[in-house]
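Beneath this line is the structure, given in structure tokens, with notes to follow.
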Amino acid sequence: VHFFKDGKAVFIAFLDSKDIIVWGLPVWNELWRSKLLTRIGHTAWSLETGHLLVWNLHDGIDVYCMMENSQPVLIRNLHVKIRHNNPKQVELGWHGEIAINGTDNGEIQLRKVMSGNQRCILHH
């Protein structure tokens with residue numbers, strides 16, 4: 001769940017249906033919905049860049065561009081080797097420019113969102 005449109009809306013991502021639904025606040029009217037290509041294990045969203053990270057439970061992180069008045073558009077995949085098919089946390093740092101994610105072996109990966117280049121790995 002993420003606040004959207006300067007707090008006037010909220011979007012909710014659903015694991016198995018692959019849906020993102022945007023609801024207007026405070027009247028709870030549905031503004032729009034979109035079906036993603038993969039399951040949604042965990043999400044992070046940046047108001048500054050419009051990037052939406054989705055832990056996809058398949059091959060890592062899907063990066064979408066999702067501006068306030070538009071549906072998500074897939075722009076890249078950040079591949080992560082997955083051995084155990086369970087959700088890992090994703091987060092955006094450095095004003096939405098760095099993707100941060102956990103892995104099966106306890107590593108924390110930091111990568112540039114736009115290039116996919118790895119910045120560093122932190123070991124648990």
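The values are calculated or read from the model by the stated rules, or taken from the named source; none is laboratory data. Quantities reported herein were computed from a predicted structural model and do not represent experimental measurements. Here Cβ is always computed from backbone atoms with ideal geometry, including for glycine, and neighbour counts include all displayed protein chains. Just so you know, the surface numbers come from the protein's heavy atoms only, side chains and all, with ligands and any DNA or RNA stripped out. Shrake-Rupley method; radii C 1.70, N 1.55, O 1.52, S 1.80 Å.
Show the residues, 5+ positions off or on another chain, whose built amide H is closer than 5 Å to the amide H of Arg39.
Amide H neighbours of Arg39, under 5 Å, 5+ apart: none.
Starting from region 17-124, pick out the GluC sites (Glu not before Pro) whose DSSP state is loop and whose Cβ has at most 12 other Cβ atoms within 10 Å.
Working: sites: Glu30, Glu48, Glu68, Glu91, Glu97, Glu107; in loops: Glu48, Glu68, Glu97, Glu107.
Sites meeting the loop and neighbour criteria: Glu48, Glu68.
Where does each of Arg83, Arg39 land when they are ordered by accessible area, with a 1.4 Å probe and the largest first? If you can, show how the numbers build up before the last one.
Details: Arg83 145, Arg39 80 Å².
From most exposed to least exposed: Arg83, Arg39.
(1) 1.04; (2) 3.31; (3) 1.34: which one is Cα Rg over 2.2 N^0.38 Å as calculated from this entry?
This structure yields the entry labelled (1).
Take a quick pass over the chain and tell me how many lysine pairs come in under 20 angstrom between Cα atoms, counting only ones 8 or more apart or on separate chains. Provide the component values of the computation, followed by the final result.
Values: Lys5/Lys35; Lys18/Lys35; Lys18/Lys88; Lys81/Lys112; Lys88/Lys112.
For the chain, qualifying lysine pairs total 5.
Any idea what the relative contact order of the chain is, in percent, if you count C-alpha pairs under 8 Å spaced at least 6 apart? Mind dumping the intermediate values first?
On the way: 285 pairs, mean separation 18.3, N = 124.
Rounded, it is 15 percent for the chain.
Which of the chymotrypsin sites (Phe, Trp or Tyr not before Pro) across region 6-83 are loop residues per DSSP, with 10 or fewer other Cβ within 10 Å?
Working: sites: Phe11, Phe14, Trp23, Trp28, Trp32, Trp45, Trp55, Tyr64; in loops: Phe14, Trp28.
Sites meeting the loop and neighbour criteria: Trp28.
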